[in-house]
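A quick write-up on the structure given underneath.
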2 protein chains.
Amino acid sequence: MVQIIDTPALARLLAHIGIETFLSELAERIENDYARWPQFEKMPRVPFHSQDGVIELMPIADSEWFSVKLVNGHPANPAKGLQTVTAVGILADVATGYPRLVCEMTVLTALRTAATSAVAARHLANPGATTLAMIGTGAQGEFQALAFKRCLGIRAIRFYDTDVAAMVKFAANLRTASLQLIRCASVAEAIAGADIITTATAVRGARAVLTDSMVGPGVHVNAIGGDCPGKTEIDPRLLSRARIVVEYLAQTRCEGEIQSLGARAPALELWEIIVGCSQGRSGRQQITLFDSVGFALEDYSTLRYVYDKARALGIGHAVPLIPQPRDPKDLFGYIRELAERAAV
Amino acid sequence: MVQIIDTPALARLLAHIGIETFLSELAERIENDYARWPQFEKMPRVPFHSQDGVIELMPIADSEWFSVKLVNGHPANPAKGLQTVTAVGILADVATGYPRLVCEMTVLTALRTAATSAVAARHLANPGATTLAMIGTGAQGEFQALAFKRCLGIRAIRFYDTDVAAMVKFAANLRTASLQLIRCASVAEAIAGADIITTATAVRGARAVLTDSMVGPGVHVNAIGGDCPGKTEIDPRLLSRARIVVEYLAQTRCEGEIQSLGARAPALELWEIIVGCSQGRSGRQQITLFDSVGFALEDYSTLRYVYDKARALGIGHAVPLIPQPRDPKDLFGYIRELAERAAV
């Protein structure tokens, strides 16, 4: 049997655990998995481009579990009332090859992106950060806010979006979140005095949402909006002033902010900072930048976390997606018998 | 909503359509899709090897549909009462990126492999073939027998397997199939007088199940057992006498029988034969060989066929695997509301 966790099942799981606790436990899982980076078989995601968008496969495995996420990015979807990004994940047992879990990953992708941002910021931001600037308050916004609140102790959020409705939505959703919310009239106003800046805009093409002169010393920039070839949101001059950390160089070189710096841009991988074999921040004045595009490892951690939690809580439903013939060589007899019974 | 077709749902579909009709309609779909080969974005399958086996992704897309199969191969599974191969498939809409179908593909892989064998044999075997030799009567055996009966008019099957129980199972399953079944004591006896030979054994490593001297002129060999690096079942000398047709050269060079011939072995792709831009059989005396490893296109055809049929017959169940927020930017509000309702 394969466990299915659909969106209502995930909602039940979140109701049990609480969204903030979920984000914080997931951040632990992601950090622990990044800490054992060499144990994973990794590859850049596999894209299928079309006129309207991209469909991608994000597979990864260690010696025990294989995971893959199928995810799309279709910028014109919201105009049709559809989401830009949707995703489904599968977890399979490496020892037998059998799939164990088919899981909604649209909401989970938002949760794991926020949890990963928090993991990176814990290692890169100056200690004692209290103010987060959110540039872009779209689908990812509230998840970021809660992850930074819970995992870093952020108390105030200065936010700006070119879409006023997205700002109204953001503020309404976080009304009861015990956060000081400061709506701003520009990017420059939003980042004034912020310890950490998250950029999560939907700009198309190479745009400098964050320009060089805006960002002062000591700030940590969490850049999550530039995530495919040709789509960036950070001024290259700012990049060259910052210590840049990425998830997986082989993938980020093509997709991340560093694509604007060419093939030899210096960048560290997150796992190196986590295990301590490279230094993240060199001092309080350093600008650090997490150039995040999303990596399969985060989906692996998420699927395993959700699978464990859902089984412990009895959430989800078991579906016979895999035949169980008494004799493994008699697949034909098995399916014919099932068909004959179905025909009665 | 995403449609889920599990094994019982597939059994209902097979009960409605009939296994032989299913095989023949599927063969049409596969042939039609091969005929529009240049319209597909193709890649060799993506393997993740482990100590016990391999887990592979088989993606493909045209301008309308994306499909991917997750499939494993674990030779030690039968000793644990598990199947060597299991599979799950997903079909997604290219225009929106939304997944539409999650489908059992263990049984479907056996059906599509047999249907593909029949498509190739229709183009490569001598007309009027009536006798099929089956070397290896494992999980694929009966599907092959019925596909060749239905699509090529095969009336007699000479069969051999090193495992007597597999032969007993094969004969019992086909008792009522209106086929003349001739159980043989060796490979040589089985292929004597056969027009078409299917090799579908589970031999490990490079073994010559079919040696050069065994095969006379005019025979079509349907070689489906050699399907991964280092696993072959045909004598290289026989290969060099035959006109070899493969599914997709970029994949078969590494996985198929032709891996034993080196990188420059002459081989045609099946689609060239189907559209008529290359000649398959040059005359009645020619030996032809379909070096089949299984290609993502066949899974694409299968998933689309099953999706169409299941929808027409109202089979399968719709599962909310994708969130449907009223405002695509308000994923947070959507999932929190679901969670709050679940908590009540």
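The values are calculated or read from the model by the stated rules, or taken from the named source; none is laboratory data. Keep in mind that this is a model prediction, so the values were computed, not measured. Neighbour counts run over all protein chains shown; Cβ positions are idealised from the backbone, glycine included. What goes into the accessible areas is simple: the full protein's heavy atoms, side chains included, and nothing from ligands, DNA or RNA. Shrake-Rupley method; radii C 1.70, N 1.55, O 1.52, S 1.80 Å.
For the stretch A:131-148, the criterion of being more than 13 Å from chain B (Cβ to nearest Cβ), surrounded by 23 or more Cβ atoms within 10 Å (Cβ to Cβ) and part of a helix (DSSP H, G or I) is satisfied by at least one residue.
Restricting B:Ile191, B:Ile224, B:Ile182 to residues that are in contact (Cβ under 8 Å) with a residue 40 or more places away in the chain and more than 29 Å from B:Ser301 (Cβ to Cβ) narrows the list to B:Ile191. Do we have any residue at all in the stretch A:83-101 that's out of contact with any Pro (no Cβ under 6 Å at 6 or more places or on another chain), in a loop (DSSP other than H, G, I, E, B), more than 12 Å from chain B (Cβ to nearest Cβ) and on the phi < 0 side of the Ramachandran plot? No, there is no match, as no residue in the stretch A:83-101 is out of contact with any Pro (no Cβ under 6 Å at 6 or more places or on another chain), in a loop (DSSP other than H, G, I, E, B), more than 12 Å from chain B (Cβ to nearest Cβ) and on the phi < 0 side of the Ramachandran plot. Counted as qualifying within the stretch B:1-75 are the strands (runs of 3 or more DSSP E) with 2 or more residues that are open to solvent by less than 20 Å² (accessible area, probe 1.4 Å) and of a type in the set (S, T, N, Q), namely B:65-73. Screening the candidates B:Val319, B:Val344 for the property of being within 13 Å of another protein chain (Cβ to nearest Cβ), open to solvent by 60 Å² or more (accessible area, probe 1.4 Å) and not charged (D, E, K, R) yields one hit, B:Val344. Are any residues in the stretch A:102-118 more than 11 Å from every other protein chain (Cβ to nearest Cβ) and either among the aromatic types (Phe, Trp, Tyr) or within 25 Å of A:Ile315 (Cβ to Cβ) (or both), and if so, which ones? Scanning the stretch A:102-118 gives A:Arg112, A:Thr113, A:Ala115, A:Thr116, A:Ala118.
Taking the stated definitions as given, is B:Phe290 open to solvent by less than 40 Å² (accessible area, probe 1.4 Å), within 18 Å of the chain's Cα centre (by Cα) and under 30 Å from B:Val2 (Cβ atoms)? Answer is no for this residue. Only one entry of A:Ala263, A:Ala296, A:Ala342, A:Ala267 meets the criterion of being in contact with a Pro (Cβ under 9 Å, 6 or more places away or on another chain), at pLDDT below 95 and hydrophobic (A, V, I, L, M, F, W, C), and that entry is A:Ala342. Any residue at all in the stretch A:277-286 that is part of a loop (DSSP other than H, G, I, E, B) and either within 16 Å of A:Thr198 (Cβ to Cβ) or of a type in the set (A, V, I, L, M) (or both)? No, there is no match, as no residue in the stretch A:277-286 is part of a loop (DSSP other than H, G, I, E, B) and either within 16 Å of A:Thr198 (Cβ to Cβ) or of a type in the set (A, V, I, L, M) (or both). Only residues that are more than 8 Å from every other protein chain (Cβ to nearest Cβ) and closer than 14 Å to B:Gly97 by Cα were counted in the stretch B:37-73, giving 5. For A:Thr201, the conditions (1) at pLDDT below 95; (2) farther than 20 Å from A:Thr116 by Cα; (3) within 14 Å of chain B (Cβ to nearest Cβ) are fulfilled apart from (2). For A:Ala296, the requirement of being within 13 Å of another protein chain (Cβ to nearest Cβ) and among the aliphatic types (A, V, I, L, M) is met.
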